[in-house]
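There's a structure below that I have some questions on.
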Amino acid sequence: MPERLYDVLINDLACAAAIGVYEHEYERLQPLRISLRISAVEPAGGFVSDTYAEVISYDKVAAAVRALCQKEHVGLIETLAERIAALCLGNPLTRRVMVRIEKIEAVAGAIVGVEIVRPK
């Protein structure tokens, strides 16, 4: 029987990140919005056991993403997206992850960003 999957969603997570390639971007943290769709393996008996340890904790993922954003300066938003994807794929329950990062203040009059999808 194939694995049953479900998606854990984290939308518009507000983060401050040391990111950017321009000199002025090294002077302060920049606000980002990060959204994730983590496809994970459903517990063997489904969700009837109501057991927290059998699922991906969106609370823990959000905290880990925020910590990663402030760990060190990253030049490219694509690099940060890859690092967040790797973080999510490190969970043994994760089978696939979509990472969307939006830079809110990078371009006047627009919100810019990237979206990547990575399978395990």
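The values are calculated or read from the model by the stated rules, or taken from the named source; none is laboratory data. Predicted model only: the values in this text are computed from it and were never measured. Every residue, glycine as well, gets a Cβ built from its backbone with ideal geometry; the counts of neighbours run over all protein chains shown.
May I ask you to say which residue of R100, R118 is surrounded by 16 or more Cβ atoms within 10 Å (Cβ to Cβ), in contact with a Gly (Cβ under 8 Å, 6 or more places away or on another chain), in contact (Cβ under 8 Å) with a residue 24 or more places away in the chain and not hydroxyl-bearing (S, T, Y)?
R100
Only one of A81, A85, A14, A53 is touching a Leu at 6+ places or on another chain (Cβ under 8 Å) and either under 16 Å from V99 (Cα atoms) or not aromatic (F, W, Y) (or both); which?
Values: A81 fails: touching a Leu at 6+ places or on another chain (Cβ under 8 Å); A85 fails: touching a Leu at 6+ places or on another chain (Cβ under 8 Å); A53 fails: touching a Leu at 6+ places or on another chain (Cβ under 8 Å).
Exactly one of A81, A85, A14, A53 is touching a Leu at 6+ places or on another chain (Cβ under 8 Å) and either under 16 Å from V99 (Cα atoms) or not aromatic (F, W, Y) (or both), namely A14.
Taking the residues in segment 71-93 that are β-branched (V, I, T) and crowded, with 17+ Cβ neighbours inside 10 Å as candidates, determine which candidate is nearest to I38 (Cα to Cα).
It comes out as I84.
Within segment 1-11, which residues are under 14 Å from the mean Cα position of the chain (by Cα) and either among the acidic types (D, E) or under 11 Å from I101 (Cβ atoms) (or both)?
Restricting attention to segment 1-11, the residues satisfying the condition of being under 14 Å from the mean Cα position of the chain (by Cα) are 7-11.
D7, the sole residue that qualifies.
When the residues of segment 26-70 are narrowed to those that are among the basic types (K, R) and either modelled with pLDDT under 90 or assigned to a strand (DSSP E or B) (or both), which ends up surrounded by the fewest Cβ atoms within 10 Å (Cβ to Cβ)?
R28
Only one of L76, L93 is closer than 16 Å to L5 by Cα and in contact (Cβ under 8 Å) with a residue 40 or more places away in the chain; which?
Values: L76 fails: closer than 16 Å to L5 by Cα.
Within the list L76, L93, the selection yields L93.
May I ask you to say which residue of A81, A106 is within 18 Å of D12 (Cβ to Cβ), free of Cβ contacts under 8 Å to residues at least 40 places away in the same chain and out of contact with any helix residue (DSSP H, G or I) (no Cβ under 6 Å at 6 or more places or on another chain)?
Values: A106 fails: free of Cβ contacts under 8 Å to residues at least 40 places away in the same chain.
Selected residue: A81, the only one of A81, A106 that is within 18 Å of D12 (Cβ to Cβ), free of Cβ contacts under 8 Å to residues at least 40 places away in the same chain and out of contact with any helix residue (DSSP H, G or I) (no Cβ under 6 Å at 6 or more places or on another chain).
Starting from residues that are basic (K, R) and free of Cβ contacts under 8 Å to residues at least 60 places away in the same chain, keep the ones in segment 23-68 and report whichever is farthest from G113 (Cα to Cα).
Restricting attention to segment 23-68, the residues satisfying the condition of being basic (K, R) are 28, 33, 37, 60, 66.
Next cut, free of Cβ contacts under 8 Å to residues at least 60 places away in the same chain only: 28, 60, 66.
Numbers: R28: 19, K60: 24, R66: 17 Å.
Looking at residues that are basic (K, R) and free of Cβ contacts under 8 Å to residues at least 60 places away in the same chain, I get K60.
Going through segment 17-50 one residue at a time, which ones are within 16 Å of E102 (Cα to Cα) and charged (D, E, K, R)?
Correct list: E25, R33, R37.
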